[in-house]
Structure formats: structure tokens, C-alpha cells
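J.: Here it is: the structure, laid out below.
Please treat every number below as a calculation from the coordinates, not as lab data. Predicted, not measured: the structure shown is a model, and the values here were computed from it. Using ideal geometry, Cβ is built from the backbone for each residue, glycine included, and neighbour counts are taken over all protein chains shown.
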């Protein structure tokens, strides 16, 4: 996994720079998301892994699938897909798309935050959490809430490397550590 992310970063950086220069951040986001979804498809994976299919044919098949999905790739995106095929990197398109999205969000001042809570969090509470995190992090917050039944109560918030653990389980673990000492 770490190796694919390492391989994906330079491609994501190059695409991001191209997209920023051409003012095409959103179209590239859409294309990369589509390509990532396509490469997760079992039939497409079989084609990508088949040694009998030449790299150029793999690229053309993916580009044709993009067209069938309603996205007409331009010359730059066609060249990008062909380059990935030539260097046998089509399978890391999901990682390239994720790295591109992270770069784009960072450039646009957005941070992606995941909140795992024991119960469903209503919209008003989400808005308060989003505002508090925006104040703390100094960036707009894209909040994703997940209900995690394994938590006894409370919530765990992850924003990149920052983890705020307000779960009851964490509090019980800390209490147990204090009692043991």
C-alpha cells in the first residue's frame, strides 16, 4: 500500500500542476475519480492484469470506457492515460486520484475530516463541530460522519495526522492506566 502511494504521488503532482496552470482542477478531479472507479471494476482489473493485452490497448480501452460514461478525454488526459499504461501504472489510478484530491483540497484551503461517533450526529451538531474545527485548523472543513457501533460513546475525529479521541473507550483506557499505576 505504501509503495503504491509513493508511486502515485509524482503523477498526482504533475497532473495537479497541469490542471492548475490550465484552470482545470474540477475536470481533472472528475476524470481521475472516473478512472479510479473504472480500475476498481473486476472486469477492467482482469483486462489490466492480462499480459496478452498490450499497454496501448489497455489505455484505449479505459479511454473508451470514459467516453461511454459521458466524459470525453482531451489530448492531455489521453496522453496521461497512455503514459500510465506504458509504465504499467494504471492499477494505481485510485491512489493517484486520492493524492490529487488531497493536493487540490490543500491548495483550496480545505481539510478532510472524518468523525466516528457512537450514535448518529445531527446536522446542527455537525455544523458546530465543523465551525470549531475550522477555527482550530484555519481551513474549511469537509466533514464526513460515520456511525461506529464499536464505540461505547463519544467520538473520534481524524484530520490528517491530527486525532482527537473523545471516545468513552479512550477515557476508560486512560482511567485503567491510572488505576494500574
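J.: Counting only helical runs of four or more DSSP H residues, what would the 222 nm mean residue ellipticity of the chain come to if each run contributes -39,500 (n - 2.57) and the total is spread over all its residues?
T.: Numbers: 8 runs with 113 residues, N = 181.
That comes out to -20000 deg cm²/dmol.
J.: So what is the relative contact order for the chain, in percent, with contacts set as C-alpha pairs under 8 Å and at least six apart? Please report the intermediate quantities before stating the final value.
T.: Numbers: 199 pairs, mean separation 37.5, N = 181.
Reported relative contact order: 21 percent.
J.: Let me ask something additional. With the calculation restricted to Cα positions, what are the radius of gyration and Dmax of the range 110-180 in angstrom?
T.: My reading of the Cα-based Rg and Dmax gives 13.1, 42 Å.
J.: What angle do you read, to the nearest 10 degrees and between 0 and 90, between the alpha-carbon axis of helix 25-40 and the longest principal axis of the chain?
T.: Its long axis makes an angle of about 90 degrees.
J.: Let me ask you something else. Return, for the Cα atoms of the chain, the radius of gyration and Dmax in Å, separated by a comma.
T.: According to the Cα coordinates of the chain, Rg and Dmax are 20.7, 65 Å.
J.: Now for a separate question. Hey, what angle do you get for helix 93-107 against the long axis of the chain, alpha-carbon based, 0 to 90 degrees rounded to 10?
T.: 60
J.: A follow-up question, please. Would you mind estimating how fast the range 2-105 diffuses translationally, via Stokes-Einstein at 4 °C and 1.567 mPa s with the Kirkwood radius over Cα pairs, in µm²/s? Don't skip to the answer; put the middle values down first.
T.: Details: Rh = 13.6 Å.
Answer, rounded: 96 µm²/s.
J.: So between residue 181 and residue 112, what do we pick up on full extension, going 0.36 nm a residue minus the alpha carbon distance? Kindly include the intermediate steps, with their values, before the conclusion.
T.: Working: separation 69, 0.36 × 69 = 24.84 nm, distance 3.76 nm.
Full extension of this stretch gives 21.1 nm more.
J.: Would you mind calculating the gained length between residue 174 and residue 126 on full extension (0.36 nm times residue separation, minus the Cα-Cα distance), in nm to one decimal?
T.: Details: separation 48, 0.36 × 48 = 17.28 nm, distance 2.66 nm.
Contour length minus Cα-Cα distance gives 14.6 nm.
J.: With axes computed from alpha carbons, what is the tilt in degrees of helix 168-180 against the longest principal axis of the chain, rounded to the nearest 10 within 0 to 90?
T.: 60
J.: Same structure, new question: Could you check the spin-label model distance between residue 148 and residue 23? Points 7 Å from the Cα along Cα→Cβ, value in nm.
T.: Going from the residue 148 label point to the residue 23 one covers 4.2 nm.
J.: Using 1/(1 + (r/R0)^6) with R0 = 25 angstrom and r between the beta carbons of residue 69 and residue 158, what's the FRET efficiency to the nearest 0.05? Kindly include the intermediate steps, with their values, before the conclusion.
T.: Working: r = 32 Å, r/R0 = 1.26.
Using R0 = 25 Å, I get an efficiency of 0.20.
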